[in-house]
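Data block below; observations after.
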Amino acid sequence: MTAHVFDQAIELTASGDGQFSGATSPAYANMVGPFGGITAATVLNAVLQHPALLGEPLSLTVNFCAALADGAFAVSAQPVRTNRSTQHWVVAVTQTGASGEDETVVTASVVTAARRSTWSVDDEPMPVVPSPAEVPPYAAPSPVEWIRRYAMRPVEGQIPHTWDGRTSDSLTRLWMRDAVPRALDLCGLAALADVFFPRIWLRRATRVPAGTVSMTVYFHAGAAQLAEVGHGWVLGQARAQAFRNGFFDQAALLWSETGHLLCSSHQVVYYKE
């Protein structure tokens with residue numbers, strides 16, 4: 001059976017000692033380079049494939065040093081410290097530049113852990129919203145290819161229909177999942193955390209160039225809880241806190257349909273006037 005397009009996009013070939021090779025996928029092309037979420041998922045996949053892995057991801061931080069060029073890239077994933085219950089990783093993505101030298105395009109850090117059962121509670125309840133069946137799908141023309149890979153049903157805070165510079169709130173809530181059904185896993189969740197349009201587009205209704213500089217995902221669910229989600233919908237919420245001097249931040253939360261908080265995310269984004 002042919003692998004899901006997502007799994008094809010994050011596929012890596014191991015060459016030993018934490019070294020992997022991969023290639024960008026046209027299916028996840030963005031305005032410049034690939035969709036940031038697919039890059040984050042690829043970085044995480046390198047750690048998950050490493051034979052020295054301890055436990056499951058707690059956090060993933062990806063720094064986008066430059067846009068990946070279409071084509072091949074290399075990934076290095078190295079555990080730099082392993083404790084009894086946590087493990088710390090340094091990851092880098094490189095490509096051959098115009099000069100013929102390898103250039104770093106992404107740096108990342110990952111923390112994994114051997115989770116144990118303890119008292120647990122979600123302190124950020126899922127907002128009361130209509131069910132996915134009650135919300136019409138996102139119907140605007142797709143400006144980039146990667147958007148076609150996801151089914152989106154915006155509850156509030158849609159991308160502006162009119163770019164008139166009118167200010168509004170930066171809050172978005174939407175149901176989302178893979179357009180072609182795929183059981184949710186940790187790599188898929190990392191990618192979903194970056195699905196939201198730039199907050200500045202909503203806040204200003206002005207389509208200025210914008211790109212993520214750094215994003216962090218905190219995983220509150222492990223593989224077993226994500227397996228319960230299966231092919232179901234995920235509710236995402238994103239909002240900015242401040243826009244200043246060419247950068248803004250975005251805080252995001254993702255819940256399962258049953259109301260479990262799956263992950264939280266924070267990123268800083270560059271924008272141009």
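Coordinate-derived values only; no laboratory data. Quantities reported herein were computed from a predicted structural model and do not represent experimental measurements. Note: ideal-geometry Cβ built from the backbone for every residue, glycine included; neighbour counts use all protein chains shown.
Just a few scattered comments:
- Pair list, Cβ < 6 Å and 6+ apart or interchain, from the range 132-143 residues that are surrounded by 10 or more Cβ atoms within 10 Å (Cβ to Cβ) to residues that are assigned to a helix (DSSP H, G or I) and not small (Gly, Ala, Ser): Ser142/Arg148
- Residues that are surrounded by 22 or more Cβ atoms within 10 Å (Cβ to Cβ), in a loop (DSSP other than H, G, I, E, B) and either in contact with a helix residue (DSSP H, G or I) (Cβ under 8 Å, 6 or more places away or on another chain) or among the aliphatic types (A, V, I, L, M) (or both), drawn from the range 190-218: Ala193, Asp194, Val195
- Segments classed as strands (runs of 3 or more DSSP E), wholly inside the range 94-187, with at least 1 members that are in contact with a Cys (Cβ under 8 Å, 6 or more places away or on another chain) and over 21 Å from Ala40 (Cα atoms): none
- Looking only at the range 209-255, and only at residues there that are more than 12 Å from the chain's Cα centre (by Cα) and aromatic (Phe, Trp, Tyr), the one that is farthest from Val111 (Cα to Cα): Phe243
- Contacts under 7 angstrom Cβ, first residue in the range 112-127 being polar (S, T, N, Q), partner not in a strand (DSSP E or B), 6 or more apart: Thr112/Val47; Thr112/Leu53; Thr112/Leu54; Thr112/Gly55
- Met31 falls short on exactly one of the conditions (1) surrounded by 19 or more Cβ atoms within 10 Å (Cβ to Cβ); (2) in a loop (DSSP other than H, G, I, E, B); (3) not polar (S, T, N, Q), and that condition is (1).
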